[in-house]
Structure formats: structure tokens, C-alpha cells
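Q: After the C-alpha cells below, expect a handful of questions from me.
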Amino acid sequence: MEITNLPNREDVPIEKTWDLESIFPSVNEWQAALQSVTKRIPELTQFQDRLSEGPNMLLDCLNLMQELMRQAAKVMSYGSLGAATDANDQDALARMGQSMGLMHKMRAASAFIEPELMQIGIPTLRSWLSKTPELTAYTHYLDDLEHQKAHILSKEVEEVIALAGQPLNASFQTFTGLTSSEIKF
């Protein structure tokens, strides 16, 4: 049997759809998580210009960044999957937009980290790794950072790039939304 058109979302058997409730039980809980992460983003600023104070300061900063990024990724997954399910669902598209905005805010707030790490220097960071067992969880991150050091800009430029991400991505999002919602099978 050949399918000539796709069924509406509400006509698809539930077992063949993404279970967004496994991420957040409701839109209200997603909204609460979005607000929680958004409120916590400024906590990152307490580490700006302080990472060189030592391995414990770096560890605290990286732990906070990782915690916030995990929560933001969960918010983003819910928002993106909901919008991917039905490109005509305006509420889901709004959640995706809010999720993307959150990720851009996270990137902007943490833009100082990698430039500061480059100022500290890879040899010092490696020394801190060997002296602070808790930092070894970030060994791969520092390895990647070392490989990318030629591409890391000043914290001001990194922040501008992060802040520009959302408006610069708008045309792609518009294109994707229009082509996804108007696709003919």
C-alpha cells in the first residue's frame, strides 16, 4: 500500500510518536525549567575574570556550566522535538524559539570561559589537572580546547558572536519552518 499523504499528528497512534512526557510531564513543567535555567544563567558571571585564581575556582565554574548546559539541553530537546512533530503547531514553534533563545543566552554568558582558559595557558591547566582529581572529568574538554586554541577569540568577540547567533539564525529558521510546513508528499 502506497501512502500518498501524511496523517495529521492527532491521527498517528501514540506508540509511534515521540514521548515528550518522558522529558517533561507537561508544558507547564517545561516552562518552569526554562525559567529556572534562565534565572540561574547570571550565576556564571561570578567566575568572570577569576578563573586564574586556581583549580578550585575553575572546577566550580565548569561544574556550574555543565549543570546549566544539561538542564538547557533538556529544555531544548523538548522544544525542538515538539516543533519537529508538527511544523504548523504555533505553540510548539514558540517553545522551540524560547529554547533556542535560552541556548544563545547560555553561550553568551559563558563566552568568557575559553578566552580566560587560553590566558591561563595549557601548561598551567594541565598542572591543575594533575593536582586536582575532580578536574580530570574535564580532561577531554581541555584537550579539545587545546586543539581549538587558534580559533578562540577574545571574550568580547566570543560574546558578540554568541549574542548574534539568534538573529543570524532567524532566516534559516524561517526557511526551515516554511519548507517543513508546506512540504508535499
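The values are calculated or read from the model by the stated rules, or taken from the named source; none is laboratory data. Predicted model only: the values in this text are computed from it and were never measured. Positions of Cβ are backbone-derived with ideal geometry, glycine not excepted, and every protein chain shown enters the neighbour counts. SASA here: full protein model, heavy atoms, side chains in, ligands and nucleic acids out. Shrake-Rupley method; radii C 1.70, N 1.55, O 1.52, S 1.80 Å.
Q: Consider only pairs whose beta carbons are under 8 Å apart and that are at least six residues apart or on different chains; among these, list those whose first residue lies in the range 86-102 and is closer than 19 Å to residue 18 by Cα and among the small types (Gly, Ala, Ser) and whose second residue is assigned to a loop (DSSP other than H, G, I, E, B) and open to solvent by 30 Å² or more (accessible area, probe 1.4 Å).
A: These pairs meet every condition: 92/86.
Q: For the range 37-47, how many residues meet the condition of being open to solvent by 70 Å² or more (accessible area, probe 1.4 Å), touching a helix residue (DSSP H, G or I) at 6+ places or on another chain (Cβ under 8 Å) and over 16 Å from residue 72 (Cα atoms)? If you could, list the steps in order and put the result at the bottom.
A: In the first step, residues of the range 37-47 are kept if they are open to solvent by 70 Å² or more (accessible area, probe 1.4 Å); the result is 39, 42, 45-46.
Filter once more, so that each one left must be touching a helix residue (DSSP H, G or I) at 6+ places or on another chain (Cβ under 8 Å): 42, 45.
Next, from what is left, pick out any that are over 16 Å from residue 72 (Cα atoms): 45.
Number of matching residues: 1.
Q: Here's a check for you: in the range 37-73, which residue that is of a type in the set (Asp, Glu) and assigned to a helix (DSSP H, G or I) is farthest from residue 120 (Cα to Cα)? Lay out the reasoning, then the answer.
A: Taking the range 37-73 first, the residues of a type in the set (Asp, Glu) are 43, 49, 53, 60, 67.
From what is left, the residues that are assigned to a helix (DSSP H, G or I) are 43, 53, 60, 67.
Numbers: 43: 22, 53: 10, 60: 16, 67: 23 Å.
Per the stated criteria, the residue is 67.
Q: Say whether the condition of being touching a residue at least 60 places away in the same chain (Cβ under 8 Å) and either crowded, with 16+ Cβ neighbours inside 10 Å or under 16 Å from residue 23 (Cβ atoms) (or both) is met by at least one residue in the range 76-83. Break it down into steps so the answer makes sense when it comes.
A: Initial filter on the range 76-83 (touching a residue at least 60 places away in the same chain (Cβ under 8 Å)): 81-82.
Filter once more, so that each one left must be either crowded, with 16+ Cβ neighbours inside 10 Å or under 16 Å from residue 23 (Cβ atoms) (or both): 81-82.
Yes, the range 76-83 has at least one match.
Q: Here's something else I'd like to know. Within the range 25-36, is even one residue surrounded by 12 or more Cβ atoms within 10 Å (Cβ to Cβ), at pLDDT 95 or above and outside any helix (DSSP H, G or I)?
A: Checked against the condition, which is being surrounded by 12 or more Cβ atoms within 10 Å (Cβ to Cβ), at pLDDT 95 or above and outside any helix (DSSP H, G or I), the range 25-36 yields no hits at all.
Q: Sticking with this structure for a sec: For the condition open to solvent by less than 60 Å² (accessible area, probe 1.4 Å), in a loop (DSSP other than H, G, I, E, B) and in contact with a Ser or Thr (Cβ under 9 Å, 6 or more places away or on another chain), what is the one hit in 87, 111? I'd like the intermediate steps shown before the answer.
A: Numbers: 111 fails: in contact with a Ser or Thr (Cβ under 9 Å, 6 or more places away or on another chain).
Every option except 87 fails the conditions.
Q: Go through (1) in a helix (DSSP H, G or I); (2) open to solvent by less than 70 Å² (accessible area, probe 1.4 Å); (3) not small (Gly, Ala, Ser) and name the single condition residue 98 misses.
A: Tallying (1) in a helix (DSSP H, G or I); (2) open to solvent by less than 70 Å² (accessible area, probe 1.4 Å); (3) not small (Gly, Ala, Ser), residue 98 fails exactly one: (2).
Q: Can you pull out every residue in the range 1-24 that is touching a Leu at 6+ places or on another chain (Cβ under 7 Å) and open to solvent by 60 Å² or more (accessible area, probe 1.4 Å)?
A: First, pick out the residues of the range 1-24 that are touching a Leu at 6+ places or on another chain (Cβ under 7 Å): 18, 20.
18 - this is the single residue of the range 1-24 that is touching a Leu at 6+ places or on another chain (Cβ under 7 Å) and open to solvent by 60 Å² or more (accessible area, probe 1.4 Å).
Q: Taking the residues in the range 113-149 that are under 19 Å from the mean Cα position of the chain (by Cα) and aromatic (Phe, Trp, Tyr) as candidates, determine which candidate is nearest to residue 58 (Cα to Cα).
A: By that ranking, first place goes to 138.
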